[in-house]
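The structure under discussion appears below in the form of structure tokens.
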Amino acid sequence: MKQDWTFLRPIIDRSKIAAFERQLRIAKTLDKPVIIHCRDAAGEMVRVLHDIRERLQGLPRCVMHCWAGTADEVKAFVELDFFISFSGIVTFKTAEAVRESVALVPEDRLLIETDCPFLAPVPHRGKRNEPAFVRSVAERVAEIRGLSPDDLARRTAENALHCFKLPQPSSLPIYS
């Protein structure tokens, strides 16, 4: 399930929160992850999630998709034990806050993505994004974290397998 939380600005609609809670309840019952796109509403989202977590006695596995928030905001989602996924935004010149966030996410909560067809990473800005461009995201995230691209690829693949409860392949992809 993917939830776009941009509708939180400026007023939180109780019916939307109730629908979101139902989606989280279903995901928890079915043991499925929830993909959340939260843009410019991290504080409100965290408050809502804390309330829902109390009522549900926990949350399902969740991914903050296409992270574009600040270091302080990412800490709140990490405390909720969420996976944080970084897209081509991490390569943008103006995305210093996103790069600061990369350094704060625990290794076992880190994911990378393309967000196709949007947000093509540097050096592909202005083009239609495609899966092959995730390599640029991996390179930048690896650089920030002081890892080799191979190590980052292996770790994020392991995290994706865990998050989505996918079968373990005989070998994980190698970056090179």
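Each reported figure results from applying straightforward, stated rules to the coordinates on display, with no laboratory input. All values reported here derive from a predicted model rather than from experimental measurement. Cβ atoms come from the backbone with ideal geometry, glycine included; neighbour counts cover every protein chain shown.
Quick notes on this one:
- Value of relative contact order over the stretch 2-164, rounded to a whole percent, pairs C-alpha under 8 Å and six or more apart: 17 percent
- Count of lysine pairs in the stretch 2-164 with Cα separation under 28 Å (8 or more residues apart, or interchain): 13
- Relative to the Cα centre, the charge distribution of the stretch 2-164, modelled as +1 at Lys and Arg Cβ and -1 at Asp and Glu Cβ, gives a dipole magnitude of about 480 debye.
- Extension gain, SER170 to GLN57, is 37.1 nm, computed as 0.36 nm per intervening residue step minus the present C-alpha separation.
- Converting phi to 3J(HN,Hα) with the Karplus coefficients 6.51, -1.76 and 1.60 and the offset θ = phi - 60°, the stretch 86-95 yields 10, 10, x, 3, 4, 8, 6, 4, 8, 9 Hz in sequence order, with x at every glycine or proline.
- Under the Karplus curve 6.51 cos²θ - 1.76 cosθ + 1.60, θ = phi - 60°, whole-Hz ³J(HN,Hα) for the stretch 139-156, x wherever Gly or Pro sits: 4, 5, 5, 4, 4, 4, 8, x, 10, 6, x, 4, 5, 5, 4, 4, 5, 5
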